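Read the structure below first, then the notes.
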Amino acid sequence: MQVLTFGETMLRLSPPGYQRLVQAERFEVSVAGTESNTAAVLAQLEISVAWLSRLPDNPLGHMIAQRLQALGVDVTHVSWDADGRLGLYFVEAGVTPRPTRVYYDRKGSCMSRWKPGEWDWHNLLKGAKLLHATGITPALSDTCREATFEALRIAREMGIPVSFDLNYRSLLWTPEEARAVIEALLPLVYLLIVSPADARTVLDVHAEDIAVAQAVRQRTGVPIVATPLRDQQTATAGRRYSVVATADGLMQSEGCLFEVVDPIGSGDAYDAGFLYGYLQGDLALAMRCADALSALKHTVPGDVLWTTADELQQVLQGALRGIVR
């Protein structure tokens, strides 16, 4: 297995179109979880990836596992909870001046009960090239916090690089709570992905967007820091680009244009693209793939980007335009 990741996956319920929740009479249902979204894209790019989580042993939990497995994600290490519940979240899509809003119904979910010792990380990580985690999992509960430390510590002891997307969620914890935990985790991290907003809110790093990666690297000592950036040209169009800071200095990508159908999950697709290039030993490629896959995700409804390795190559080559017949 090349990549392991872990985290909570929920069901996303969205009213059709741009309806408000109070007027909805039906919902569109999709699988939604930051880490599993990233795993699903990596699997479609033919990277072997396993996702670990806790799911209820009922049709909703099995729906999550079956859909991820269908995309190529290894779900054999999922823990099944006989009396637990699956987290839900509701998305009310907005257009200017009404923002898109997210409402969680995830308290007491199976994954929030995760605790240290549940998975044998020493065996799971044998032969792995990367462990990927995010700042969402330690926000779920005290035991999730402790178990996240356990996973990252064992990976560090085994010499396996840890990638970490800070991914601050204000509905789960305060900036002060997040800062204390994240700062304690970062010495275990080799590759950090952090947005300028999260750098300001959680790490108290205030710099121009293109300088954030270098400022975070200097403050935290993480060897590789990647910052996804966005030029929002209109309410429905923009450009995704990247800045990466390493010991050798700064790198910046040219970026990729996108139009917005559904922005949720674009950060997870970004992570997948960056890890895809990183696993090939090429940070310039990592930035280009991250930008391209994030741009692609903006065009696809739901949390998960459905794509292929061929489509990624076509976007990188600028070959996709108009109608392909």
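Among the GluC sites (Glu not before Pro) within region 226-325, those in coil by DSSP and having at most 10 neighbouring Cβ atoms inside 10 Å are E254. When shorter helices are ignored and each DSSP H run of at least 4 residues is given -39500 (n - 2.57), the per-residue value for the chain at 222 nm works out to -10000 deg cm²/dmol. When the Cα atoms of region 45-187 are aligned to their principal axes, the ranges along those axes come out at 48, 38, 34 Å in descending order. When all alpha carbon pairs of the chain are counted in 20 Å bins from zero, the resulting P(r) reads 33, 62, 5 %.
Loop-located trypsin sites (Lys or Arg not before Pro) across region 122-206 with a Cβ neighbour count of 14 or fewer within 10 Å are K126, with loop assigned by DSSP.
For the chain, the residue among V75, Q44, L124 whose Cα projects farthest onto the positive side of the dipole built from Cβ charges is Q44.
Where does the charge balance sit around T143 when Lys and Arg score +1, Asp and Glu -1, over other residues with C-beta under 12 Å from its C-beta? Net local charge, T143 excluded: 0. Projecting the Cα atoms of Y278, V95, L4 onto the dipole axis of the chain, where Lys and Arg carry +1 and Asp and Glu carry -1 at the beta carbon, places V95 farthest toward the positive end. Partners of K107 within straight-line reach, counting lysines whose Cα lies under 25 Å from its Cα and excluding those fewer than 8 residues away in the same chain: K115. Beta bridges per DSSP, both residues in region 155-279: antiparallel share near 75 percent. Applying both filters, DSSP loop and at most 14 other Cβ atoms within 10 Å, to the GluC sites (Glu not before Pro) of region 25-91 gives E25, E46.
Going by C-beta contacts inside 10 Å, put T227, T38, T201 in order with the fewest on the left.
On the way: T227 27, T38 33, T201 17.
Ascending number of Cβ neighbours within 10 Å: T201, T227, T38.
With a 10 Å cut-off between alpha carbons and a GNM built on the chain, which of P175, P228, P263 moves the most? Among P175, P228, P263, the largest mean-square fluctuation in the Gaussian network model of the chain belongs to P175. Among beta bridges identified by DSSP and lying wholly in the chain, the antiparallel ones come to about 55 percent.
Working from Cα pairs under 8 Å separated by at least six residues, relative contact order for region 177-325 is 16 percent. Using the Cβ-Cβ distance between A184 and D57 with R0 set to 35 Å, the FRET efficiency works out to roughly 0.55. The mean sequence distance of close C-alpha pairs (under 8 Å, at least 6 residues apart), as a share of the length of region 82-173, puts its relative contact order at 25 percent. The magnitude of the dipole of the chain, with charges of +1 and -1 set on the Cβ of Lys/Arg and Asp/Glu and taken from the Cα centre, is near 360 debye.
Coordinate-derived values only; no laboratory data. Computed from a predicted structure; not experimentally measured. Don't worry about glycine lacking a Cβ; one is built from the backbone with ideal geometry, like all the others, and counts go over all protein chains shown.
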